[in-house]
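The structure appears right after this line, and notes come after that.
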Amino acid sequence: MMYPEGSLTHTHVSTMDRECVSLLPSVCEVLADSGKSLPDDTSLEKLLDWFTGLTKAGGHLLEACPCLPEFISAVVYNTASDPAVLSFTLKLTGLMAASEDGFRKLQESSVLDLVFNLKRWQEAGLWEDPSLRIGWIQGLKNLLQHPKALSFFVQSDFIEPLLQLQTDTSLFVASAANQMLAHTVLFFQPVSSAGCNGIDKKEEDDGRTQTSIADLEHPAVTMDTITGYTAVVMAISQYLKESLVPRENTHLHQSLQILKLLALLLAQAGPPLRDKLLQTVSDSLEGLVTAGCSQLTLPLMDVIMAAYSSGTVEHIPDRLLSSMLTTSKPSELIHAAAAFLRRSHHNPVHTARAVRILLLPLDIITGHTLLGTNTTADEHRPAMVEQLKSKTSCIATICVCLTNTPQITLTPSHVLPCPPDLIVTAVLSLLRICSGISSSAGGGEACRNVISSGKVQKCALEALTALHSSSGAKEKIGDVFAVLIQYLDNPDSDPTVLHKSYQALVKWTSVCTDLSSITDQLRQDLVEVVKKRACDMRWEVRDSTVEFLGHLAGVPVLLKSAAEVCDASEALLGGSCTAPLLKEALHDSESYVRASAISALARTLARSWQQGAALSQQEAEIVSRLLEILSQDTEGFSRRAVVQYFIAWFSSHSSRSPPSSSASLLMQCVRAVLSQGSADLDWEVKVHTLELAELLLDEAFSGHRGYRKGSDLHQALSHPYGVVSDQTYTLHTHTGGHAEGVESDLARALNKLVEQGVISALLSGLVDCDRPVGLRACRLLITLREMLCPLSLGAQDAAVATVAKVSCELPGWGWGQEIRKIMGMKKSDGAREAGIADSEDCGVQKEGGDGMIVGVCEVLRSLGLDERLDVLAQSSDHIHNSPLSLLQDILTASAAHARPDTQPGQEVIVDCY
């Protein structure tokens, strides 16, 4: 079968690739041939994505791709077609009929009646395939974008099968049906405030219904449309009312799906429609609440809270909510209270009840009086005590309670039944009970259920971490430290519990700037336990310990004198503990630990760098080890951390500060870091190396007229694979000397960059095989070019002439060879080399050996950086994930299947996007 080729004459489709359209008839022929089913079904979805994109861009598929109607007819008439191709065809048909013009043409050719004829698919035995059912649903959803489509939907009686599919055995089909029903009701709902059953006269004259319809050129709203929409809403409302309460447990799935649909409708419907729906189903919702199905508690609360939002008949959700918060089943009660509190509704009565319900389990287990004198929750105490006797139920309940304690402490004081610090005390008591340190007199069997429960310990530690900023928390810091140190010292604590204990310590330290309440004994205990955990056999524990030391070093605290500030690491652990432990961790066998140690050292030494402290022997040894890691470590994590360490060090260094041994060592290391980093095999190491090069550029030229920081130049042009530092560095710069003239200043700065290896790092990055590296290097080189090489080459002033004499070396191998190729210089071209050597403006001369000396400005002007940036700024997706690549892959796969020598089971990999 031959399909007509498409035309590109339509204005909206002029951007479509001509080659894509020329291939489309062949692709349609492949897809229509049931004997050539595709090895990769996702290619069909991607083809549909392409068509969808064209439609959204304003294109008309029927005009651009006239082969599609014939393709659709061929597929649907062939009941032996692959179900995936049939599903694709149904979706495509709906997409083509999404415009009124496309709908009219497809209806005139009877394609719509044929494609969406449900009975035909059932008789052919194809309806049992879930992919066909999903294709039918999504095709209809694509179609329902204008009033004519709604009339077609109503006249075809599609509402009944859709309601049945809403409880389909396939969750994907059921979900698609839910979305389709919600789309039908919400898309066509009137804007009028008169109610959901009509449209006022003005709107009828205007031809406007819902916003999305108003966007169409000719909405053509008629009385038939209004009547049809009313019939749809009535059918759905009646179905919701009759099917909401399950007649037996086997119908819970149906109730769950209906609740999901109802929540979707109530959350997005306008007031008239929402109120009408709510009034229709209110009795059924009350029946569902009374039935007490614990599996439906959360979806039921979603419905109630959706109804609570800006509803005009608030007495209905209010009544339902009261019922949910007074149910006799503890499991439903606790989940309902949590769901209400998460929505942050400002109803003091319901909030107070929810808070007391959530605090009740913690009150029972710990024995702390968290509910005050109010006895609202006492009626639930006996049932809750019974609930907590079961280990599984106890752990689940107390975890829900703990998860919500931070939110509870944020409630107004007149709603909260106890001071927030008492909740902190209760959480600490629970942690002691979990570890077996203490017990509760009133907890009984519930206490035994939580002992050694890792899940409860983790939830309690997370809650404690979140409670660090609650009112009155600072007074509890001594107790908090005592419990957390006990957990860190406990040999039974698993790595995750230890990690969360460290996190809690850092958080609590950060809110208490005065650590005088931490006794010397607690400090000593912390030092001992940190030393012990730094040598733990489990690398995860060592890693968490090293991370803790780094985070602690970043927390500033006050000493006895308010004028004295130090980091928390020094205040709690002493100055002689942290650095030696981290230095030792640089030799750890696990790369994650080495990387964490490097990052922690950067945080630990940051204050001394900023203060310009003299270099210590220990710091010199650390630097030596870091350079060794950068050149020899087999893992990328560690090498990345090393480059970031030097970035942090350089960022803390101020060129205005007096010379120091520390600054001297830093500048000695820069060239080695740039050289090693730019040659690394790990692309992230290379990107971080360019980040260091950028800082050096900024220091060299900040303050010079016309210089723009690289980050300012390309901030808006982010790329999908870029490395984003987790730190913002502030570089301390100076404006340069004023006695020597601008030209010598610029030339001296550029010479220094050449000597430091910055120019070599940028040039090697430009030709790197990793796109993020090349992209960053190219942008930095453009920044440098704009600073040093004015566009008006004929008007070079003294400054430019001086800078033009600055040269760098291009090696005869690797990146140097690539740069020379780009510049059009070949070593064998003696005449060209001689010409370049004679040109003062080019600043290039031949050097003995394989290397070549070339002027920096000449390189910057000869690399075609702007064109290269355009290429690098595009991801590889524009080639490999393009529609053209997709169509070619489909044809290639078909040709491979057609070859007689293809072995059974042999697949062609479709590498399209």
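The values are calculated or read from the model by the stated rules, or taken from the named source; none is laboratory data. Please read all numbers here as calculations on a predicted model, not as lab measurements. No Cβ is skipped: glycine too gets one built from the backbone with ideal geometry, and neighbour counts run over all protein chains shown. Surface accessibility is based on the protein's heavy atoms, side chains included, excluding ligands, DNA and RNA. Shrake-Rupley method; radii C 1.70, N 1.55, O 1.52, S 1.80 Å.
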Suppose R0 equals 25 Å; then what is the FRET efficiency for Asn117 and Gln268 from their Cβ-Cβ distance, rounded to the nearest 0.05?
0.20
Within region 146-170, find all residues whose amide N lies under 19 Å from a label point positioned 7 Å from the Cα of Glu128 along Cα-to-beta-carbon.
165, 168-170
For Asp514, the residues 5 or more places away or on another chain with a placed amide H closer than 5 Å to its own amide H are Leu558
Hz values of 3J(HN,Hα) by residue in region 112-124 - Karplus curve (6.51, -1.76, 1.60), Gly and Pro given as x:
4, 4, 6, 5, 9, 6, 4, 4, 4, 5, 5, 5, 7
Taking amide H atoms as placed 1.01 Å from N in the peptide plane, list the residues 5 or more away in sequence, or in a different chain, whose amide H sits under 5 Å from that of Leu615.
Ser661, Ser662
Mind checking the full-extension length gain between Thr227 and Ser309? Use 0.36 nm per residue of separation minus the Cα-Cα distance, one decimal, nm.
26.6 nm
Which of Tyr239, Tyr229 is most accessible, then next, and so on - probe 1.4 Å
Tyr239, Tyr229
From the backbone phi of region 748-760, what are the Karplus-calculated ³J(HN,Hα) couplings (6.51 cos²θ - 1.76 cosθ + 1.60, θ = phi - 60°) in whole Hz, Gly and Pro given as x?
5, 5, 5, 4, 5, 5, 5, 5, 6, x, 5, 4, 4
Between Val349 and Trp539, Cβ-based FRET efficiency (R0 41 Å, step 0.05) works out to 0.20
From phi via Karplus (6.51, -1.76, 1.60), per-residue ³J(HN,Hα) for region 65-74 in Hz, x at Gly/Pro
10, x, 6, 5, x, 5, 4, 4, 4, 4
With a Förster distance of 51 angstrom and the Cβ-Cβ distance between Glu445 and Glu242, calculated FRET efficiency to the nearest 0.05 equals 0.70
Beyond 27 Å between alpha-carbons counts as too far, so tell me which of Lys119/Lys141; Lys531/Lys686; Lys532/Lys583; Lys56/Lys148; Lys500/Lys532; Lys391/Lys458 fall in that bin.
Lys531/Lys686
Modelled label-to-label distance, Ser517 and Asp283, 7 Å Cα→beta-carbon offset: nm?
5.9
